[in-house]
1. Is it the case, given these coordinates, that Ala100 is modelled with pLDDT of 80 or more, open to solvent by 20 Å² or more (accessible area, probe 1.4 Å), of a type in the set (Gly, Ala, Ser) and out of contact with any strand residue (DSSP E or B) (no Cβ under 9 Å at 6 or more places or on another chain)?
2. Among Leu162, Leu151, Leu131, which is the only one that is among the hydrophobic types (A, V, I, L, M, F, W, C), assigned to a helix (DSSP H, G or I), modelled with pLDDT under 85 and surrounded by 20 or more Cβ atoms within 10 Å (Cβ to Cβ)?
3. Among the residues of segment 176-209, which ones are within 13 Å of Ala75 (Cα to Cα) and open to solvent by 100 Å² or more (accessible area, probe 1.4 Å)?
4. Do the conditions hold for Lys169, that is, is it assigned to a loop (DSSP other than H, G, I, E, B) and at pLDDT below 80?
5. Check every one of the helices (runs of 4 or more DSSP H) wholly within segment 1-93 and list those with 3 or more residues that are modelled with pLDDT of 75 or more.
6. Looking for whichever is assigned to a loop (DSSP other than H, G, I, E, B) and either without any contact (Cβ under 8 Å) to a residue 12 or more places away in the chain or more than 20 Å from Ala66 (Cα to Cα) (or both) here; the options are Leu188, Leu177. Which one fits?
7. Restricting to segment 114-128, what's the tally of residues that are under 10 Å from Ile48 (Cα atoms) and either outside any helix (DSSP H, G or I) or open to solvent by less than 60 Å² (accessible area, probe 1.4 Å) (or both)?
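The values are calculated or read from the model by the stated rules, or taken from the named source; none is laboratory data. The shown structure was predicted, so the numbers you read here are calculated from the model rather than taken from an experiment. As a convention, Cβ positions derive from the backbone with ideal geometry for all residues, glycine included, and neighbour counts pool all protein chains shown. Ligands, DNA and RNA are stripped out before the accessible areas are found, and what is left, the full protein with its side chains, is counted by its heavy atoms. Shrake-Rupley method; radii C 1.70, N 1.55, O 1.52, S 1.80 Å.
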Amino acid sequence: MQNWFIIFIYNLLTNVDNAIMIQNSLNRFSVRSKFRVYLLVLLCVLRIVYIACVQSWSKVPYINIATAIIMFAFAVRMVMPKKEMRRHFSLLWIFTSIAALDLVMGIDSILLSARLSGNVVFIATGVLPALFLLFFFSYKMEEFLSKMPWLEIAIAGLLAQLAVLQIKKEPGILQLLQEEWFDLMGILVMCLICGVGWFNFWRSRSHQL
């Protein structure tokens, strides 16, 4: 029971950023309500699949660099002008894109959850309620995102910083570059992404006026 509670609370607290990012993507792609439900169910199922396969994933070389590239790509896309993003995407592309984002954002949560127990079914009983609870209330985030556009820019900046710090986790990478340099680059990249986001935001506001 204690392990179940730890798994539940850990996933509840560490996946808030995932829920915000997913809600942001759903709003941007204008996904209809029923398809949102299908996607959220799919993400919950995929999370258990990820945990079941985590041992093989952790041994893949350069996995941290690959996930960092994906995270940075999402950060860049978030601060691009919205008019350039309003294209028609297939549901398959949208689902795949958001599922990939959920994977790279939740990789640490997946790895630790897998280590807390060797029983995937037991882990699922702790992970799934936490994810369902987060995704159920994620629609509340839409109001915050619409009233506070700067929040999207801040999230993009943090995601870019996390991408740099993700590279630091690659085995042997600290032999090439000191840890302090990764921390400095993370801050610089975050400032750069936030700067681009604010520039595009104010430019769009001036065009509206």
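1. On the way: modelled with pLDDT of 80 or more: yes; open to solvent by 20 Å² or more (accessible area, probe 1.4 Å): yes; of a type in the set (Gly, Ala, Ser): yes; out of contact with any strand residue (DSSP E or B) (no Cβ under 9 Å at 6 or more places or on another chain): yes.
For Ala100, the condition - modelled with pLDDT of 80 or more, open to solvent by 20 Å² or more (accessible area, probe 1.4 Å), of a type in the set (Gly, Ala, Ser) and out of contact with any strand residue (DSSP E or B) (no Cβ under 9 Å at 6 or more places or on another chain) - is met.
2. Working: Leu151 fails: surrounded by 20 or more Cβ atoms within 10 Å (Cβ to Cβ); Leu131 fails: modelled with pLDDT under 85.
Going through Leu162, Leu151, Leu131 in turn, the sole match is Leu162.
3. Within segment 176-209, just Leu192 meets the criteria.
4. So Lys169 passes the test.
5. On the way: elements: 2-14, 16-29, 33-52, 54-58, 63-78.
Hits in segment 1-93: 2-14, 16-29, 33-52, 63-78.
6. On the way: Leu188 fails: assigned to a loop (DSSP other than H, G, I, E, B).
Of Leu188, Leu177, the one residue that is assigned to a loop (DSSP other than H, G, I, E, B) and either without any contact (Cβ under 8 Å) to a residue 12 or more places away in the chain or more than 20 Å from Ala66 (Cα to Cα) (or both) is Leu177.
7. 6
Conditions (1) open to solvent by 40 Å² or more (accessible area, probe 1.4 Å); (2) under 18 Å from the mean Cα position of the chain (by Cα), marked per residue:
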residue: Trp4; (1), (2): yes, no
residue: Met21; (1), (2): no, yes
residue: Ser25; (1), (2): no, yes
residue: Arg28; (1), (2): yes, yes
residue: Ser33; (1), (2): yes, no
residue: Arg36; (1), (2): yes, yes
residue: Val41; (1), (2): yes, yes
residue: Val49; (1), (2): yes, yes
residue: Ala52; (1), (2): yes, no
